[in-house]
Amino acid sequence: MAANSTSTTLPAPSTGFWTVVALTLVGAAAAIYRFAVGLGASTNLTDNVPWGLWVAVDVLSGVALAAGGFSITAAVYIFNMKKYKSIARPAILTAWIGYTVVVMGLVIDIGKPLAFWHPLVMWNYRSVMFEVVVCITLYSSVLALEFAPAFLERFKLTGLQKFLKLFTFPLVIAGIVLSFLHQSSLGGFFLIMPHKVPTLWWTTNLPYMFYISAIALGLAMVSFESIVSAWVFKREQETDIIRGLGRGVLITLCIYLAFKIGDLAWRGALPQVFSSGKASLFFSLEMLIGVIVPIALYAMRSIRESVNGLFLAACCVMVGTVMNRFNVNFFAQAGPHTSYFPSLWEILVTIGLVSLMIVLYRLAVTYLPVFHEPGKSH
Amino acid sequence: MATNNEKAKGVLVDLTRCIGCRGCQVACKSWNDRKTDKTALEGNFTNPKELNSDTFTRISFIEQDKADQPVWSFIKNQCMHCADPACLSACPVGAFSKTEQGAVVYNFGRCIGCRYCMVACPFNIPKYEWESTNPWIRKCTFCADRLADDKVPACVKVCPTNVMFFGPLEDVKKEAEKRLKENPGKYVNHIYGKEEGGGTSWMYLSAIPFDQLGFDTTIPAFKLPNLTWGMLSEIPVKVGALVVGLGLIAAFRNRGSSEESSESTHGEEK
């Protein structure tokens, strides 16, 4: 049980970790290059494909990957599933780091990085992008407050910690509501272009599709992280918890699959699953890798009971959902003359941002009480 | 947002009249002070190949065979100036606005460069200054400065064959309908832009089906921002329902446990 693992001493950083640090620095250098020369010289973006790798991965997927934060706090504080309490803090940490990195990705991606603050004072309430920016800003603050107890515990500010505890519940609710709003609105970006997004993806339910798949992805991410942390830090696997998370992912994926099929059938678009050429191919791949294969895996007892099996299933969900975000974003822009493959700089920045998340996570779990039960220390 | 005012202007582009002289292209560059592109012969007369940050309008040349006769079509492309522009609703910082005359104009001072306008535009009109480190979104302005000054747009002014009929928006619609009615068989029976995306200030008549001339004929006939507004306008209701729902679930699930966190470190309660 997690509650028994009181030790916070972690093994010294390995060469793997230093590689990640190096990749972060390379990514930072690539970002500086992008700022220096502009988007045209550093990316393969064009007037035909204005949204590329950074939007698809760093923003659309990054936000969805951080959905574990609100999902776990909902499980623990709303549904009172106490066994997940030990992973609430790591999940909140991941989400907080995730959003911080997403915001960095956004600043790198926008053409006028120095104007990043404009949406906070120049409001267009009819814009989905405006809503997303507001929600992400507010939710980052909520996550900071939700994670603050780790700092307060570390520096033994017990009074402040008790005071903050009064707000646990409102913060959790605010986090869930804000997450629902912006996770779904990332799908909402594409509502305005019904004739551009292929029928396989475009539905007025697109926001809900994004929301449900974000929950599956968020939970998969939390279990992925729990398994990898145990491997890297040579801790015991929290088998009970990762099995429970697997069950959560399975249920969410089944709901997603049923919703997807129901929605396609309702719109009479089921035949297009096989008849839309390239879109059909990519749609099938995303559904197979991200939904159908993991459902089959989680349904098998031998997989459910093995850490490697759960790890594999979580990886499938992560890859499949990222593919979904990529597909929706790319096919929304795909015209007759469209081709796009990210430039070296785009790839380096994205790798750098992912690496930065790992570095920040590692630093946080080394210097802050993340893994042991909150409240245990006093 | 609505431009049902008397000052709203429109343009009817009668493609049957265009001779492909590209005078409009030159006049547009000249009035808007845009630099010219370096071009190359590529077996196609359309030049430049697509609109870009320095080319707000250009003639697309399409060659077809009709009854074994080669047929040229010359199609003027530029911003359509929607009644309810997708770019305007999409922009997080309100960098787009619609002038009294119906021109959709852009404010660089607000723009953050997110490029959602480019992705959202049903006609793929806004273009980006990719090579700049302080880039603008660029597109046809309907010569908003000239309109405000009671002048006609530069391209309309220069056109030698009167391809473009410029006037109050309502008159433009009437003129399009009149030409359709008075010349049976001359045009395909469609006024492109009258319904597309909920209606635009620029409209087209053509003798050849629009989808063969590069026009997107799949654009729905309603205001596209309604789709996103449908979602956004429900936010207050959704937030209220979620807060109440989550509160009730939490109260139900946590009943009987006095201190929600302190005594549960063993994680055995379910």
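Every read-out reported here was derived from the displayed coordinates using simple, explicitly stated rules and does not represent laboratory data. All of these numbers come straight from a predicted model, not from anything done at the bench. So basically every Cβ, Gly included, is an ideal-geometry build from the backbone, and we count neighbours across all protein chains shown.
What are the ³J(HN,Hα) couplings of region A:235-245, residue after residue, when phi is run through the Karplus curve with 6.51, -1.76, 1.60 and θ = phi - 60°? Round to Hz, x for glycine and proline.
My calculation for region A:235-245 gives 9, 6, 5, 8, 4, 4, 5, 5, 5, x, 4 Hz in order.
If the rule is a partner Cβ under 4.7 Å, which cysteines in chain B fail it?
Lacking a cysteine Cβ partner under 4.7 Å: B:Cys18, B:Cys21, B:Cys28, B:Cys82, B:Cys91, B:Cys111, B:Cys114, B:Cys121, B:Cys143, B:Cys159.
What are the residues whose amide H is under 5 Å from the amide H of B:Lys9, where those residues sit 5 or more places off or on another chain and H is modelled from the backbone?
B:Gly102, B:Leu169
What number, rounded to the nearest 500 deg cm²/dmol, is the helix-based mean residue ellipticity at 222 nm of chain A, given -39500 (n - 2.57) per DSSP H run of at least four residues and division by all its residues?
After summing the helix terms and dividing by the residues of chain A, the value is -22000 deg cm²/dmol.
What Kirkwood hydrodynamic radius, in Å, does region B:103-247 give when the mean of 1/r is taken over all pairs of distinct Cα atoms and then inverted?
Here the Kirkwood hydrodynamic radius works out to 18.7 Å.
Can you return the lysines within cross-link range of A:Lys82? Criterion is Cα-Cα under 17 Å, with same-chain partners fewer than 8 residues away left out.
A:Lys165, A:Lys376, B:Lys270
Enumerate the calculated ³J(HN,Hα) couplings along region A:268-278 in order (Karplus 6.51 cos²θ - 1.76 cosθ + 1.60, θ = phi - 60°), each rounded to whole Hz, writing x wherever the residue is Gly or Pro.
x, 9, 4, x, 5, 4, 10, 10, 10, x, 4
Give the distance, in whole Å, between the Cα centre of region B:1-74 and the Cα centre of region A:186-233.
41
Sort B:135-141, A:307-313, A:87-93 by packing, meaning the average of other beta carbons within 10 Å per residue, with the highest value first.
So the order, starting with the most tightly packed, is A:87-93, B:135-141, A:307-313.
Using +1 at the C-beta of Lys and Arg and -1 at the C-beta of Asp and Glu, which of A:Ala269, A:Ser355, A:Leu250 has the Cα lying farthest in the positive direction of the dipole of the protein assembly as shown?
Value: A:Ser355.
Counting pairwise Cα distances across region A:95-162, what percent come out greater than 15 angstrom?
62
Treating the Cα atoms of region A:263-366 as identical point scatterers in vacuum, please give the log10 of the normalised Debye intensity I(q)/I(0) at q = 0.15, 0.23 Å⁻¹, two decimals.
For region A:263-366 at q = 0.15, 0.23 Å⁻¹, log10 I(q)/I(0) is -0.89, -1.20.
Check the straight Cα-Cα distances from B:Lys181 and name the lysines below 19 Å, setting aside those fewer than 8 residues away within the same chain.
B:Lys181 reaches B:Lys173, B:Lys194.
Taking only Cα atoms and a 10 Å spring cutoff, compute GNM fluctuations for chain B and point out the largest among B:Lys223, B:Lys238, B:Lys178.
B:Lys238
If every alpha-carbon in chain A counts as one equal scatterer, what log10 I(q)/I(0) does Debye give at q = 0.14 1/Å?
Debye curve over Cα of chain A, log10 I(q)/I(0) at q = 0.14 Å⁻¹: -1.30.
Between B:Cys82 and residues 5 or more places away or on another chain, which pairs have amide H atoms under 5 Å apart, with H built 1.01 Å from N, and which residues are they?
Close amide H contacts, sequence-distant or interchain: B:Ser201.
Among B:Pro85, B:Pro122, B:Pro70, whose mean-square fluctuation peaks in a Gaussian network model of chain B (Cα, cutoff 10 Å)?
B:Pro70
Calculate the all-directions average of the projected area of region A:200-285's alpha-carbon convex hull, and give it in nm².
Across all orientations, region A:200-285 yields a mean hull projection of 6.5 nm².
Excluding A:Trp96 itself, calculate the net charge of residues whose Cβ lies under 11 Å from the Cβ of A:Trp96, where each Lys or Arg counts +1 and each Asp or Glu counts -1.
Local net charge: 0.
Over 28 Å between Cα atoms, which of B:Lys35/B:Lys157; B:Lys76/B:Lys98; A:Lys196/B:Lys38; A:Lys112/B:Lys139; A:Lys278/B:Lys98 qualify?
A:Lys196/B:Lys38; A:Lys278/B:Lys98
Need the list of aspartates and glutamates near B:Lys238 for cross-linking: C-alpha distance under 17 angstrom, and skip anything on the same chain fewer than eight residues off.
Reachable aspartates and glutamates: A:Glu131.
Per the Debye formula with a single identical scatterer at each Cα and no solvent contribution, what log10 I(q)/I(0) holds for the protein assembly as shown at q = 0.07, 0.11 Å⁻¹?
Ignoring solvent entirely, the Cα scatterers give -0.51, -1.09.
Could you compute the net charge surrounding A:Arg126? Neighbours are other residues with a C-beta less than 15 Å from the C-beta of A:Arg126; K and R count +1, D and E count -1.
Once positives and negatives cancel, what remains is 0.
What net charge do the residues around B:Phe96 carry, taking every other residue with its C-beta under 10 Å from that of B:Phe96, with Lys and Arg at +1 and Asp and Glu at -1?
With Lys, Arg at +1 and Asp, Glu at -1, the neighbours total +3.
Can you tell me the alpha carbon radius of gyration of chain B divided by the globular rule-of-thumb value 2.2 N^0.38 Å?
Cα-based Rg divided by the globular estimate yields 1.36.
Alpha carbon centre of region A:314-344 versus region A:25-70: separation in Å?
Computed from Cα coordinates, the inter-centre distance equals 13 Å.
Please compute, for peptide A:34-43, the average count of beta-carbon atoms on other protein chains lying within 10 Å of each residue's beta-carbon.
3
Counting Lys and Arg as +1 and Asp and Glu as -1, each charge on the Cβ, what is the dipole of region A:203-274 about the Cα centre in debye, to the nearest 20?
120
For peptide A:175-184, what's the mean number of Cβ atoms from other chains within 10 Å of each residue's Cβ?
Mean number of neighbouring Cβ atoms from other chains: 3.
Rounded to the nearest Å, what's the spacing between the alpha carbon centres of region B:192-250 and region A:125-149? Just the number, please.
26
Take each of the peptides A:322-331, A:154-163, average the number of other beta-carbon atoms within 10 Å over its residues, and list them starting from the highest.
By packing density, highest mean first, the sequence is A:322-331, A:154-163.
Just to be sure I understand: of the beta bridges DSSP finds with both ends in chain B, what percent are antiparallel, rounded to 5?
Roughly 85 percent of the DSSP beta bridges within chain B come out antiparallel.
For B:Ala207, list long-range residues whose amide hydrogen, built 1.01 Å from N in the peptide plane, is under 5 Å from its own amide hydrogen.
Counting only residues 5 or more places away or on other chains, the set is B:Thr16, B:Val188.
Averaged over A:206-213, how many beta carbons belonging to a partner chain fall within 10 Å of each residue's beta carbon?
Neighbouring Cβ atoms belonging to other protein chains average 1 per residue here.
Pop out the ³J(HN,Hα) list for region B:242-255 in order, Karplus 6.51 cos²θ - 1.76 cosθ + 1.60 with θ = phi - 60°, rounded to Hz; leave Gly and Pro as x.
Running phi through 6.51 cos²θ - 1.76 cosθ + 1.60 with θ = phi - 60° gives 5, 4, 5, x, 5, x, 5, 4, 4, 4, 5, 6, 9, 4 Hz.
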